[in-house]
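Worksheet: one structure, shown below.
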Amino acid sequence: MARYGMMIDTRKCVGCFACRVACQMKNTLGPKEGFVHFEFLESGTYPDVSSEAIPMQCMHCADAPCEKVCPTGATYINEAGVVLVDANKCIGCKYCMVACPYSVRMIEEISGVVEKCRFCWDDEMGGPNNPSCVATCIADARVFGDLDDPNSDVAVAIAANDAQPIAGDLTEAKIFYVR
Amino acid sequence: MPALGRQTIDALSVLFARTSEEDYASAIHAYGEDAACNAPWGDGGRLQAPSFEEYRHFFNQVLTPGVPGSLPPVESLYRDWGGHRAGLQHGQGFYLGPSAAHVRQVCEQLDISIPTEFDAMPDHLIILIELNEFLCEHAPVEQTRAFADEHFSWLPVYRGALASRMAERNDDQLAVACTYYDAVLGFLETVLLQGYDAFEAQTRARSA
Amino acid sequence: MVWGPMIAVYLFVAGAAAGSYLTASLVSFKYPGGVFTRKAGRIIAPILLAIGLLMLMLDAEAGLRNPLRFLGLFANPRSVMTIGTYIISVFMVVALIVAVLELMGKNVPRALDIVGDIGAICLAGYTGFLLGDSLGVPLWHNSVLPPLFIVSALTSGMAIVSLIGAAFDYVEFEKMGVLRPIHIVLAVLEILLIVALLVIASGRGAAGAESVAMLTTGSLAPAFWIGVVGIGLVLPLAIDLFNMRSTKSEASGEALAQTGVVVGGFLLRFVVVSAGVMMVLL
Amino acid sequence: MSRQMTRRGFLRASAASAALASAGVAGLSGCSSAPAESGPKETKRVATLCNGCSNECGLWVNVRDGVVHTLEGNPDNPKSGGRMCGRGHGFAQMTYSADRLTQPMKRMENGDFEPISWDDAYAEIAEKLTGIIAEHGPQAFAFIRDPRPNINFYGPRFTAALGSANIYTHAAACNLSLQSGYRHTIGGGFSADLANAKMVMFIGRSYADGITPADMKTFANVAVEGDCKLVIVDPRYNNSAHMADQWVPIVPGTDLAFLLAMSHVLIEEELYDKKFVKEHVLGFYAFKKEVEQFTPEWASEICGVDAKTIATLAREMAEAAPAAVVEPSWRAAFGCAHANSFMTARAVAAFNALLGNYGQEGGALITSSPSLGALPADKFPTPPAAQHTRVGNEEYPLAVQGFGTNLAVLKAALEGSMKAVFFYQSNAAKGYANPAVWAEGLANVDLVVDIDVQMSETAMLADYVLPECSYLERLEAVYLLGGKTHQVAIRDKAIDVIHPETRPADQIFRELSAACGVGQYFDFTAEELVEAQLGTIGLTIDELREKGIVELPTSDFKYGKVPTFNTPSGKIELFSVTIGRAGLSPVITWVDRKVHPQEGEFYFVGGKQSIQSHTMTTSIEALMDISKTYDLERLWMNAADAAALGIAEGDEVEISSSEYTDTVHVHVTERLMPGVVYAPTHYGGSSPYLTQGYEFGICTPNFVPFDMEPGVGSTMSQEVAVKIRKVGA
């Protein structure tokens, strides 16, 4: 079975928010709800400056702290390594939001269920259905695919760029950043 | 619900449609000064009805779709539908939410046709009131109650939105109409959601 | 932070429930005469815990809308919250039985009481582990929290029971000399644990330091210094030490001290929850 | 059908209704329990062109049960390249938005708008319009549009049908100076062959902010994987700069000095392409003599870039030539910004000429566009040419003919000679020039008609507002794409019209022209027009619907072939007789900017943001939530300047110019040249009626005095100095 992951190249990312809006529409989120949030960094002093935009979303950690602490088992890791939430089990206790060091979960206003990026998992397809953040990225900064397939685009890209999780080995994150 | 209650509501629904001066006068008159039930407004005292000009100004500025900052009385715009419908329609402020689809489905079942001008807003307050009235006359009580609970639950949200928007604007030309419409919505809310007897109890309590 | 005052209330009353129960069983063991105090402790415990559970449910919106889902809380044994659910289930049952027995004037079997005591200690401790299992919050991801919450639970529980005892069963309460020294030891221990918590947290990167700053100098400083430390620890400790030395203990001073402990106990939970700052990754 | 149910009811019950109701109605309790999770019954994909900005990216719309679900880029479309920016996703939500116009409106005496039927609106507008033309002649009528496929066909046709030549686009507030400068130097616009270049210089241009997704993708891949040197010349370290190799901060409005000095270096050190210049350039010696004085030292005093950097960059460009190019830019730097924008464009075209890079791989590409054959004259008669010259042509002869300067209409309105003005999806009164002046001008105009999807500030000043249905609800005239390849694309109707009283532009003009007695020029439907247009190039509408975009064989582009220059001399004109006749310097030379900040004042620059498009997306809640969450409305200020004024991040300041004063929060940054402040050009909703943008940020045109660039007529959007004062300080 595949083990899905993503590479995000912040050298290319221009912080244009397209991924956030595309994701909202694909996952029918509210206008104020987002699975992707952004950190904007600026360093140096004029005129020697540099800037960086870093999109943050669920890292689908293999050792997901949110999955460990979820009392009802609403949060589970499926066989493809994608961390999902069963909206029918979630009681909205928000323990997962406390446990997640990346702050990438959000409370869905109307239901109180705590949701997050699902890698656009499609149950009918039994796989990720063309993640909209990758499909829409205008700077070609995102690569998605099966980490276990050595010649998949994402595996090749991660190896070629020595991409690393944003917080090192804090968790076994499956989004790898090139910075 | 007693006939008088429904007749009042029918008259009130006129306030949410663009009407002629003559219809407006008869509507205000219908439950205003000499209606059998004492004026259901304000704290027991009589609430001054806006003149036709004030009503028209209020209608143009606040109830007409497309005018910036207006709040058309259409249920879909004030309910948040979650993943029910297409990607675009999650969150408030969008037409043709599931409430619209549901009203259309009910009308189809009852072989009732909605005028084309309401194609985009079958869940406009006027249509909801008329449909509710029709169900009161013909449909089993508990089904009508279910319909009313479902399709009038947004009235408090709407009333709140209206009040805060008017506070933001504080346009004194709209003042009289604002308080009046707020009271009308209060009446509709109570009667349609809790029933006419709840309203009468409230009036008695207020005037006691 | 995602967990707010409601959770702080839950943590406090859960701890206090455990403390009340333990105090009551101490009284039943050491002062069989203190019937009223014992009854009070054992009746309050389940009530306090029930209040706590109500708080939890109110805070969990999705569960509130579909209450049956709360049954799912038993599903994941690796989650401290599930372990807590086991503990609460056991303790609640025992505490209710004991409370009913007390109300009916029947005798509470020793074995049952012991099970209750163990449950109470676990209940008090689990709340510390609950906050502790949060990788992203340096202030909480801290081994000092469980012992701190146990000590605070005991002092709060004892204070509540003492308040009632002193108020309604003063004669018997007077005899319960052991409570005061226990409280003094616990209070000192609590101070040490708080210091340890702050020291450890301040060494844990920017977020840890920020949490400590919030508590000591920032927005939570009044609640922390005046509430937790002043009213909750120093004042009661002073009154106890004063009363230890003088023969005739002053009832009013006693009530003031115990109230201080209760208020301090709640504020400790409140400030710890409010000062939970997420780890800064970038 | 039985009597209406209630005294004045709307619903029509049938005889059976009562019986049906009494028998009980299934599912009355509810829609919220409606089966949400059951999959959509009918899904389809429809080809469209995004309407979120003037790029018109090719998209696919995913429709489920007649409702728009999501949109995605069409990989075959060269503008989107299969990708899609945030404002494109966001603007699609306007389709179901509560802010949409739903019926024609007429402005009453007291300023209220009241609905009016289409027929009455047509009758009243036609009567007034024909009356005005009869009394004051067709030159008293003008039509201003934001260019889109349909309106580019119907707007000019309708204006000409009424005998008027006054047809304009929005360009005077966008890229009029830039395109006019290129027009009179190399015959028209050009593009940078970024994918194959060794060195590219961007002057006031950020692909990341003013997006064309396909270009952004190329830029990112070239920057990170390619070995091309990318230089960004901009007072602001914009959102593309972190990918560039070099940021050259420059004083706003002095890019011309920088370019002239670089040209000086190439010529003096004989690094220019002599063969190319000999064969293809006119007026080289006049230009050579002119730039002798413009040394790097001279330029550094003006533009703040040190002489050594200027010289080095010039030599590096020469070194990399012909695979080196100065990118054409778009609006911010010299689209319509300063008194010298037109001249700056000429200097860019000239510098590329010195590099000899026209038509070369990695250089400046001048490409052709496909054209349709003539439409059958019987069904599509062309209106006779107007008998008068367009208002503004005499005073601003250098403006690109296809655009014209719409500010000439404002000037005529202020003078009282313009009696009727139509706007199409153009918020001129908020963005094209000082809003107060537009309000004053339009007050003199007897008939103002605005056609739009939402009630903009311009619509609020109109007499009649005609609601168009959203772009997802209409089929439009075909869209031709030029470039290395020729293509034709289609904006097809994805969903049925939502608001029954909204109509597509083709229908509006068909019916309005009939009411005005010139219906013979519009006697066809959109479908018939598209079929006819495609017929002239041997395509059918179904073929185009299938793929969304189809390549045509008519492109003659080949690398290495120097293109023909559509100038009077057929060469690149560094010396232009036409420009001389228009009263500007025939040879490319130095022209200073008009307004210089005095002591304590700042240069005031603007720019686009990736998540907003002018002012038309600020009513979209999903986009405004991003602007609010990330404080995108804030005024950028250099950290040293801010410290000197005691201003910290997030502080509120008062910003004032000769025209206006307002307050805004500040973003303190090192990514900006001292002495300059930057504000995005989308915010500052002043009218309390706005739902989202009220009192959020500032509206930059408020601060800029109404003025027009000589010879071209652009709005000079950055000819202003501002003072900043901390609120409460």
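Quick note: the coordinates plus some simple rules give every number you see, no bench work behind them. Just so we're clear, the structure is a prediction, and the values are computed from it rather than from any experiment. Cβ placement follows ideal geometry from the backbone for every residue including glycine, while neighbour counts extend to all protein chains displayed.
Tally the residues that are in a loop (DSSP other than H, G, I, E, B), within 11 Å of chain A (Cβ to nearest Cβ) and either touching a Pro at 6+ places or on another chain (Cβ under 8 Å) or buried (at least 22 other Cβ atoms within 10 Å of the Cβ) (or both), restricting the search to segment D:618-661.
Going through segment D:618-661 one residue at a time, the tally reaches 2.
Within the bounds of segment D:592-613, is there any residue that is outside any loop (DSSP other than H, G, I, E, B), within 14 Å of chain A (Cβ to nearest Cβ), in contact with a strand residue (DSSP E or B) (Cβ under 6 Å, 6 or more places away or on another chain) and among the aromatic types (Phe, Trp, Tyr)? Talk me through it step by step, then tell me what you get.
Within segment D:592-613, the subset outside any loop (DSSP other than H, G, I, E, B) is D:601-607.
Of the ones still in play, those that are also within 14 Å of chain A (Cβ to nearest Cβ) are D:607.
Still in the list and also in contact with a strand residue (DSSP E or B) (Cβ under 6 Å, 6 or more places away or on another chain): none.
Scanning segment D:592-613 turns up no residue that is outside any loop (DSSP other than H, G, I, E, B), within 14 Å of chain A (Cβ to nearest Cβ), in contact with a strand residue (DSSP E or B) (Cβ under 6 Å, 6 or more places away or on another chain) and among the aromatic types (Phe, Trp, Tyr).
Just checking, how many residues over segment D:311-361 are more than 27 Å from residue D:608 (Cα to Cα), in contact with a helix residue (DSSP H, G or I) (Cβ under 7 Å, 6 or more places away or on another chain) and assigned to a loop (DSSP other than H, G, I, E, B)?
Total satisfying the criteria: 5.
Mind listing whichever residues of segment A:87-101 are aliphatic (A, V, I, L, M) and either within 7 Å of another protein chain (Cβ to nearest Cβ) or in a helix (DSSP H, G or I) (or both)? Give the steps one after another, and end with the answer.
Here is the first cut: in segment A:87-101, the residues aliphatic (A, V, I, L, M) are A:87, A:91, A:97-99.
Of everything in segment A:87-101, those that are aliphatic (A, V, I, L, M) and either within 7 Å of another protein chain (Cβ to nearest Cβ) or in a helix (DSSP H, G or I) (or both) turn out to be A:91, A:97, A:98, A:99.
Name every residue in segment C:65-79 that is facing chain A (nearest Cβ under 7 Å), in a helix (DSSP H, G or I) and among the hydrophobic types (A, V, I, L, M, F, W, C), in order of residue number. Give the derivation first.
Taking segment C:65-79 first, the residues facing chain A (nearest Cβ under 7 Å) are C:65, C:69-70, C:72-73, C:75-76, C:78-79.
So of that shortlist, the ones also in a helix (DSSP H, G or I) come out as C:65, C:69-70, C:72-73.
Across segment C:65-79, the qualifying residues are C:70, C:73.
Every residue in segment A:1-56 that is of a type in the set (A, V, I, L, M, F, W, C), surrounded by fewer than 24 Cβ atoms within 10 Å (Cβ to Cβ), without any contact (Cβ under 8 Å) to a residue 40 or more places away in the chain and more than 20 Å from residue A:167 (Cβ to Cβ), please.
Selection gives A:49 alone.
For residue D:206, state whether it is over 23 Å from residue D:671 (Cα atoms), surrounded by 21 or more Cβ atoms within 10 Å (Cβ to Cβ) and in contact (Cβ under 8 Å) with a residue 40 or more places away in the chain. Break it down stepwise before answering.
Numbers: over 23 Å from residue D:671 (Cα atoms): no; surrounded by 21 or more Cβ atoms within 10 Å (Cβ to Cβ): yes; in contact (Cβ under 8 Å) with a residue 40 or more places away in the chain: yes.
Here the answer is no, as residue D:206 does not meet what is asked.
Just give me the residues in segment A:156-179 being away from chain C (no Cβ under 12 Å), outside any helix (DSSP H, G or I) and among the polar types (S, T, N, Q), in sequence order.
Correct list: A:164 only.
Report, ordered by the first and then the second residue, all pairs with beta carbons closer than 6 Å, sequence separation of six or more or different chains, a first member in segment D:716-728 that is closer than 30 Å to residue D:408 by Cβ, and a second member that is among the hydroxyl-bearing types (Ser, Thr, Tyr).
D:720/D:657; D:722/D:657
Can you tell me which residue in segment A:64-86 is surrounded by the fewest Cβ atoms within 10 Å (Cβ to Cβ), limited to those that are in a loop (DSSP other than H, G, I, E, B) and facing chain C (nearest Cβ under 8 Å)?
Going residue by residue through segment A:64-86, those that are in a loop (DSSP other than H, G, I, E, B) are A:64, A:70-74, A:78-82, A:86.
Of the ones still in play, those that are also facing chain C (nearest Cβ under 8 Å) are A:70-74.
Working: A:70: 29, A:71: 27, A:72: 27, A:73: 18, A:74: 26.
Filtering segment A:64-86 for residues that are in a loop (DSSP other than H, G, I, E, B) and facing chain C (nearest Cβ under 8 Å), the one surrounded by the fewest Cβ atoms within 10 Å (Cβ to Cβ) comes out as A:73.
Check residue D:472 against each of (1) in a loop (DSSP other than H, G, I, E, B); (2) within 21 Å of the chain's Cα centre (by Cα); (3) within 14 Å of chain B (Cβ to nearest Cβ); (4) of a type outside the set (S, T, N, Q) and name the one condition it does not meet.
(1)
Return only the number of the condition from (1) of a type outside the set (A, V, I, L, M, F, W, C); (2) out of contact with any helix residue (DSSP H, G or I) (no Cβ under 7 Å at 6 or more places or on another chain); (3) part of a helix (DSSP H, G or I) that residue D:154 does not satisfy.
(2)
Determine whether segment C:138-147 contains at least one residue that is assigned to a helix (DSSP H, G or I), touching an Asp or Glu at 6+ places or on another chain (Cβ under 6 Å) and either more than 14 Å from chain A (Cβ to nearest Cβ) or surrounded by 24 or more Cβ atoms within 10 Å (Cβ to Cβ) (or both).
Start the filter on segment C:138-147 by keeping residues that are assigned to a helix (DSSP H, G or I), which leaves C:145-147.
From what is left, the residues that are touching an Asp or Glu at 6+ places or on another chain (Cβ under 6 Å) are none.
Among the residues of segment C:138-147, not one is assigned to a helix (DSSP H, G or I), touching an Asp or Glu at 6+ places or on another chain (Cβ under 6 Å) and either more than 14 Å from chain A (Cβ to nearest Cβ) or surrounded by 24 or more Cβ atoms within 10 Å (Cβ to Cβ) (or both), which makes the answer no.
Every residue in segment A:1-36 that is in a strand (DSSP E or B) and either under 22 Å from residue D:207 (Cβ atoms) or small (Gly, Ala, Ser) (or both), please. Working first, answer last.
To start, the set of residues in segment A:1-36 that are in a strand (DSSP E or B) comprises A:4-9.
Within segment A:1-36, A:5, A:7, A:8, A:9 meet the criteria.
Looking at residue C:97, is it more than 14 Å from chain A (Cβ to nearest Cβ), of a type outside the set (Asp, Glu), surrounded by fewer than 23 Cβ atoms within 10 Å (Cβ to Cβ) and part of a helix (DSSP H, G or I)? Spell out how you get there, then give the answer.
Values: more than 14 Å from chain A (Cβ to nearest Cβ): yes; of a type outside the set (Asp, Glu): yes; surrounded by fewer than 23 Cβ atoms within 10 Å (Cβ to Cβ): yes; part of a helix (DSSP H, G or I): yes.
In short, yes.
Which pairs have Cβ atoms under 9 Å, sit 6 or more apart or on different chains, and link a residue in segment D:271-282 that is under 16 Å from residue D:360 (Cα atoms) to one that is of a type in the set (S, T, N, Q)?
D:272/D:263; D:273/D:357; D:276/D:357
Between C:54, C:58, C:49, which is under 22 Å from the mean Cα position of the chain (by Cα) and closer than 20 Å to residue C:261 by Cα?
Numbers: C:54 fails: closer than 20 Å to residue C:261 by Cα; C:58 fails: closer than 20 Å to residue C:261 by Cα.
The unique qualifying residue is C:49.
Would you check which residues across segment D:388-411 are farther than 14 Å from residue D:165 by Cα and not aromatic (Phe, Trp, Tyr) and list them?
Filtering segment D:388-411 for residues farther than 14 Å from residue D:165 by Cα gives D:395-400, D:407, D:410-411.
The answer is D:395, D:397, D:398, D:399, D:400, D:407, D:410, D:411.
Would a scan of segment B:131-144 turn up a residue that is more than 7 Å from every other protein chain (Cβ to nearest Cβ), of a type outside the set (Asp, Glu) and under 27 Å from residue D:495 (Cβ atoms)? Explain how you work it out, then say what you get.
Our first condition is that a residue be more than 7 Å from every other protein chain (Cβ to nearest Cβ); within segment B:131-144, this holds for B:132, B:136-137, B:141-142, B:144.
When the remaining residues are screened for being of a type outside the set (Asp, Glu), the result is B:132, B:136, B:141, B:144.
Now restrict to residues that are under 27 Å from residue D:495 (Cβ atoms): none.
Within segment B:131-144, none of the residues are more than 7 Å from every other protein chain (Cβ to nearest Cβ), of a type outside the set (Asp, Glu) and under 27 Å from residue D:495 (Cβ atoms).
Matching residues to (1) surrounded by 20 or more Cβ atoms within 10 Å (Cβ to Cβ); (2) aromatic (Phe, Trp, Tyr):
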site	(1), (2)
B:123	yes, no
B:127	yes, no
B:130	yes, no
B:139	yes, no
B:147	yes, yes
B:153	no, no
B:163	no, no
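Just need a number here: residues in segment A:102-137 that are surrounded by 24 or more Cβ atoms within 10 Å (Cβ to Cβ), facing chain C (nearest Cβ under 10 Å) and under 14 Å from the mean Cα position of the chain (by Cα).
1
Go through the residues of segment D:384-393 one by one and say whether even a single one is under 28 Å from residue D:518 (Cα atoms), surrounded by fewer than 17 Cβ atoms within 10 Å (Cβ to Cβ) and without any contact (Cβ under 8 Å) to a residue 40 or more places away in the chain. Walk me through it before giving the result.
So in segment D:384-393, the residues under 28 Å from residue D:518 (Cα atoms) come out as D:384-393.
Those left that are additionally surrounded by fewer than 17 Cβ atoms within 10 Å (Cβ to Cβ): D:384-385, D:387-389.
If we keep only those that are without any contact (Cβ under 8 Å) to a residue 40 or more places away in the chain too, we end up with none.
The answer is no, given that none of the residues of segment D:384-393 is under 28 Å from residue D:518 (Cα atoms), surrounded by fewer than 17 Cβ atoms within 10 Å (Cβ to Cβ) and without any contact (Cβ under 8 Å) to a residue 40 or more places away in the chain.
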